[in-house]
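The values are calculated or read from the model by the stated rules, or taken from the named source; none is laboratory data. It should be emphasised that the depicted structure is a prediction, and the values quoted were computed from it without experimental measurement. Virtual Cβ from ideal backbone geometry, glycine too; neighbours counted across all protein chains shown.
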Amino acid sequence: MRTKIVAGNWKMNKNVQESIKLADEIVSELKDLTLEHTRVLVAPPFVNISEVVKITEATPVEVAAQNMHQASSGAYTGEIAAEMLTSLGLQTVILGHSERREYFGENDAVLTEKVSTALDHKLEVIFCFGEVLADRKSGKHFEVVAAQLRNVLFELSPDQWSSVVLAYEPVWAIGTGETASPEQAQEMHAFIRRMIADHYTQELADGVSILYGGSVKPSNAQELFANPDVDGGLIGGASLQATDFVALVRSF
Ligand code: PEP
């Protein structure tokens, strides 16, 4: 059975006190929940990761990073290396978020390097991709998504895929209140899985968790997560409030 995942991306929100409070609340609200085949992750801002790690140690909540640099170390002022993340005990990094692509110019070439560095450091990658509104309106969304996947991930060995989680995030649905319909999400997720099966094997494709991201909230999570190829969500806005976030974990 594929692992279900709910991952909260706090983005550039929550100072250290607020991060501690939110992590505490999430841990406490999850206490009575039995999580079978389900992982819960939070991705706080870098400077608050240590504090959140302390709170979530010995709980089912995992901590992920929102980004990292492609170089292993060196003169890259202001950047964070993979080894810094693993030295904090992190096992997962989010890469390719549309905000990184749009505001920080991360393209397929940079992301290919980042994925490679992350995997070399034994980090699991949550790889984000998705089309912008113009692509969908012009009917190019499958083509765009296929290229994003192919250009960055299709040189990976089959073994490396055990450390990859996909997050399909149509950019027009991120932080906009617009959500892909359950049918649109399922259609794209099935397309993605078929691409992986065609390039690798059906068995490999069946093992890859594919998350949906884009204005997931307690009111729409259940119908999105009920789709056979939607294995959970990458959550922005609704991850900033413990009650909402935990409600999403309860939505499977
Ligand atoms: C995201 O940033 O990955 C995201 C899905 O944000 P939101 O849930 O706020 O749309």
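Of note:
- Among all positions in the stretch 74-91, there is at least one residue which is under 24 Å from Met12 (Cβ atoms), of a type in the set (Phe, Trp, Tyr), surrounded by fewer than 19 Cβ atoms within 10 Å (Cβ to Cβ) and at pLDDT 95 or above.
Here is a yes/no grid of residues against (1) surrounded by fewer than 21 Cβ atoms within 10 Å (Cβ to Cβ); (2) touching a residue at least 60 places away in the same chain (Cβ under 8 Å); (3) under 13 Å from Asn9 (Cβ atoms):
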site: Thr38; (1), (2), (3): yes, yes, no
site: Val42; (1), (2), (3): no, yes, yes
site: Val47; (1), (2), (3): yes, no, no
site: Pro60; (1), (2), (3): yes, no, no
site: Ala64; (1), (2), (3): no, yes, yes
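- A single member of Ala167, Ala146, Ala180 is touching a Cys at 6+ places or on another chain (Cβ under 7 Å) and in contact (Cβ under 8 Å) with a residue 12 or more places away in the chain, and it is Ala167.
- Test for Leu211: is it of a type outside the set (Val, Ile, Thr), touching a helix residue (DSSP H, G or I) at 6+ places or on another chain (Cβ under 8 Å) and touching a residue at least 24 places away in the same chain (Cβ under 8 Å): no
- Every residue from the stretch 80-113 that is in contact with a helix residue (DSSP H, G or I) (Cβ under 9 Å, 6 or more places away or on another chain), acidic (Asp, Glu) and more than 16 Å from the ligand (Cβ to nearest atom): Asp108
- Residue check, Asp135 among the acidic types (Asp, Glu), without any contact (Cβ under 8 Å) to a residue 40 or more places away in the chain and either closer than 18 Å to Val208 by Cβ or out of contact with any helix residue (DSSP H, G or I) (no Cβ under 8 Å at 6 or more places or on another chain) (or both): no
- For the stretch 146-252, the helices (runs of 4 or more DSSP H) that sit wholly inside it and include 2 or more residues that are more than 16 Å from the ligand (Cβ to nearest atom) and either of a type in the set (Gly, Ala, Ser) or touching an Asp or Glu at 6+ places or on another chain (Cβ under 7 Å) (or both) are 182-199, 202-207.
- Pairs where the first residue, in the stretch 94-113, is buried (at least 19 other Cβ atoms within 10 Å of the Cβ) and the second is assigned to a helix (DSSP H, G or I), C-beta under 7 Å, 6+ apart: Leu95/Leu111; Leu95/Lys114; Leu95/Val115; Leu95/Ala118; Gly96/Leu111; Ser98/Val171; Glu106/Arg100; Leu111/Val152
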